[in-house]
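Structure record follows, encoded as structure tokens.
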Amino acid sequence: MSDLKFEIDVNTIASEFGEMKKQVSKDLKDSVGNLASMTHAKTLELADEHLSSLSNMYKENVSFQQIEENIWVVSLDEKALWIEEGRKSGFMEELLNGKSSKTNKKGEKYAVIPFEHSKNPSDQSSKARDLTNQIKAELKKQGVNYRKPEYNADGSPKLGLIKRFNVESAKLKPTDKSSPLQGVAIYQRMEGNTVKRDVMTFRVITERHKEEGKWVHPGREGDKLMDKAFEWAMQTWENEVLPDVLSSYAK
């Protein structure tokens, strides 16, 4: 987990105001709390500005809390840390060490990796959007609505696996043995009173894929949004928030 800790020495600043120390201290503490909240919002804003299809993933893993008086922390969960810090190119070992990892009869680690094709276009990369469009085109040929839920004869929604089919598509990499759209599966589930429709494909990663040169991440530089947010917070504190509080006590 990555933390952006926001801590201001309010007492030292307030001690310079003699009899008004208590009121100045209160105003400063309130201002620090407000700035911490603004910094959290700024982090989310930076995600929208810089991350494109990764924006929602990053924002869903950002949290904000006060841990002590005058200490606020904006945290980024480990799930999205690779966006913040970047990652080296190479075999995606982390997929074999996740919660879904299992061991087959040969003693090899493997994991089934789900790919959701029913995300909003803004949450998908250009390649993912292209695959989704191919699925939509195939379903249109079959006379099936991509989004519209399906129901039983009695009017109740169909739940679970609704349909499975293949889509002829170019391989994403020369090392791939099959189309990335083999085994497209459509599921329906209830979310409250709403029928949700998920369009998925699944691929398997195993230890031997490392030797075969598969599941290789090209690497990426970290976006360092927490650093950008912290720099913004410090400048805002020094140039706007602190002068505004102190100006109300100027003689």
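The values are calculated or read from the model by the stated rules, or taken from the named source; none is laboratory data. Remember, it's a predicted structure, so these values are computed and weren't measured experimentally. Heads up, the Cβs are rebuilt from the backbone with ideal geometry, glycines too, and the neighbour counts pull from every protein chain shown.
Count of the range 212-229 residues, restricted to those that are at pLDDT below 90 and not in a strand (DSSP E or B), is 6. Does MET20 meet the test of being exposed (fewer than 13 other Cβ atoms within 10 Å of the Cβ), in a helix (DSSP H, G or I) and touching a residue at least 40 places away in the same chain (Cβ under 8 Å)? It is true that MET20 is exposed (fewer than 13 other Cβ atoms within 10 Å of the Cβ), in a helix (DSSP H, G or I) and touching a residue at least 40 places away in the same chain (Cβ under 8 Å). Against the conditions (1) loosely packed, with under 11 Cβ neighbours inside 10 Å; (2) under 21 Å from LEU54 (Cβ atoms); (3) charged (D, E, K, R); (4) in contact with a strand residue (DSSP E or B) (Cβ under 7 Å, 6 or more places away or on another chain), ARG147 satisfies every one except (2). Got at least one residue in the range 44-61 being more than 30 Å from PRO218 (Cα to Cα), assigned by TED's automatic domain parsing to the domain that holds TRP237 and of a type in the set (Phe, Trp, Tyr)? Checked against the condition, which is being more than 30 Å from PRO218 (Cα to Cα), assigned by TED's automatic domain parsing to the domain that holds TRP237 and of a type in the set (Phe, Trp, Tyr), the range 44-61 yields no hits at all.
Which one of GLU168, GLU191, GLU221 is touching a Gly at 6+ places or on another chain (Cβ under 7 Å) and exposed (fewer than 11 other Cβ atoms within 10 Å of the Cβ)? Before you say what the answer is, go through the steps one by one.
Numbers: GLU168 fails: touching a Gly at 6+ places or on another chain (Cβ under 7 Å); GLU191 fails: touching a Gly at 6+ places or on another chain (Cβ under 7 Å).
Selected residue: GLU221, the only one of GLU168, GLU191, GLU221 that is touching a Gly at 6+ places or on another chain (Cβ under 7 Å) and exposed (fewer than 11 other Cβ atoms within 10 Å of the Cβ).
Scanning the range 83-94 for residues being under 17 Å from ALA229 (Cα atoms) and surrounded by 17 or more Cβ atoms within 10 Å (Cβ to Cβ) gives a total of 2. The single condition from (1) surrounded by fewer than 14 Cβ atoms within 10 Å (Cβ to Cβ); (2) over 16 Å from the mean Cα position of the chain (by Cα); (3) not assigned by TED's automatic domain parsing to the domain that holds PHE202 that LYS79 fails is (2).
A single member of ASN11, ASN56, ASN70 is farther than 19 Å from PHE230 by Cα and at pLDDT below 85, and it is ASN11. For the residues PRO180, PRO218, the requirement of being touching a Leu at 6+ places or on another chain (Cβ under 6 Å), in contact (Cβ under 8 Å) with a residue 40 or more places away in the chain and of a type outside the set (A, V, I, L, M, F, W, C) singles out PRO180. Confirm whether PRO114 is under 30 Å from ALA47 (Cβ atoms), part of a strand (DSSP E or B) and not assigned by TED's automatic domain parsing to the domain that holds MET57. Yes: the conditions hold for PRO114. Might you let me know whether the range 234-251 holds any residue that is at positive phi and surrounded by fewer than 11 Cβ atoms within 10 Å (Cβ to Cβ)? No, because not a single residue in the range 234-251 is at positive phi and surrounded by fewer than 11 Cβ atoms within 10 Å (Cβ to Cβ).
Counting residues in the range 120-135 that are over 24 Å from PRO218 (Cα atoms), in the same structural domain as PHE230 (by TED's automatic domain parsing) and among the hydrophobic types (A, V, I, L, M, F, W, C) gives zero. The condition of being assigned to a strand (DSSP E or B), in contact (Cβ under 8 Å) with a residue 40 or more places away in the chain and surrounded by 14 or more Cβ atoms within 10 Å (Cβ to Cβ) holds for VAL73.
Looking only at residues of the range 94-122 that are of a type in the set (Asp, Glu) and at pLDDT 85 or above, we find that the one that is nearest to VAL204 (Cα to Cα) is GLU108. Residues in the range 157-211 that are over 28 Å from GLU93 (Cβ atoms) and charged (D, E, K, R) were compared, and the one that is modelled with the lowest pLDDT is GLU168.
Being farther than 28 Å from LEU44 by Cα, without any contact (Cβ under 8 Å) to a residue 12 or more places away in the chain and among the small types (Gly, Ala, Ser) is the requirement here; does GLY107 meet it? For GLY107, the condition - farther than 28 Å from LEU44 by Cα, without any contact (Cβ under 8 Å) to a residue 12 or more places away in the chain and among the small types (Gly, Ala, Ser) - is met.
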